[in-house]
Amino acid sequence: MDAFFNITMPGLIIFFLWAAVALVRRTRQRRTAWESGVTAQARVVRAWATTQVVNNVPRRVQWHEYDFTTGDGRAVRFKENGGPRDRSVGDQVLVHYAPHEPDRATASEPQPGKDMAGTVIGVLLLASCAVYTAHMWIELSRF
């Protein structure tokens, strides 16, 4: 049982840290796309929704897949979650992308303040979960 405990607790801590890094990385990708000032018209090629159940409360997550052509003629396809529910296949939308990484584009409107606030809250929550898990690991290891 000790081996399971000593594998699970560090695994949880690593998961929390990985999630925080992934959150910061995606926020920086969106900000880079917005700040580049480069845009293109994209077409929604696929739209679907998934459902996540957290504490017996279902939450719908909207996904979209987009196709667009960069200024230098490259065809790009990317997926993004959290888009509006009324966006459907065939719709034309404006996407923001950085010329050096067009596959990291975003179809969301620039909201750097809201995006940063959400990232800070998410990172603080994940960090506090990691600290609490480490604390409990230390405390429970004494027994």
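Beta carbons closer than 6 Å, at least 6 apart along the sequence or on distinct chains, pair a first residue in the stretch 53-64 that is under 25 Å from Ala107 (Cα atoms) with a second that is among the hydroxyl-bearing types (Ser, Thr, Tyr) and open to solvent by less than 70 Å² (accessible area, probe 1.4 Å) for Val61/Thr50.
Against the conditions (1) in contact (Cβ under 8 Å) with a residue 60 or more places away in the chain; (2) among the hydrophobic types (A, V, I, L, M, F, W, C); (3) over 30 Å from Tyr66 (Cα atoms); (4) open to solvent by 40 Å² or more (accessible area, probe 1.4 Å), Ala130 satisfies every one except (4). Taken over the stretch 16-59, the criterion of being more than 15 Å from the chain's Cα centre (by Cα) and open to solvent by 90 Å² or more (accessible area, probe 1.4 Å) is satisfied by Glu35, Gln41, Arg43, Arg46, Thr51, Val53, Asn55, Asn56, Pro58, Arg59. When we screen Glu101, Glu80, Glu109 for residues that are closer than 16 Å to Gln29 by Cα, surrounded by 12 or more Cβ atoms within 10 Å (Cβ to Cβ) and out of contact with any strand residue (DSSP E or B) (no Cβ under 8 Å at 6 or more places or on another chain), the only hit is Glu101.
The values are calculated or read from the model by the stated rules, or taken from the named source; none is laboratory data. Worth saying up front: this structure is predicted, and the values here are computed from it rather than measured. Backbone-built Cβ (ideal geometry, glycine too); neighbour counts: all protein chains shown. Note: areas computed on protein heavy atoms with side chains; ligands, DNA, RNA excluded. Shrake-Rupley method; radii C 1.70, N 1.55, O 1.52, S 1.80 Å.
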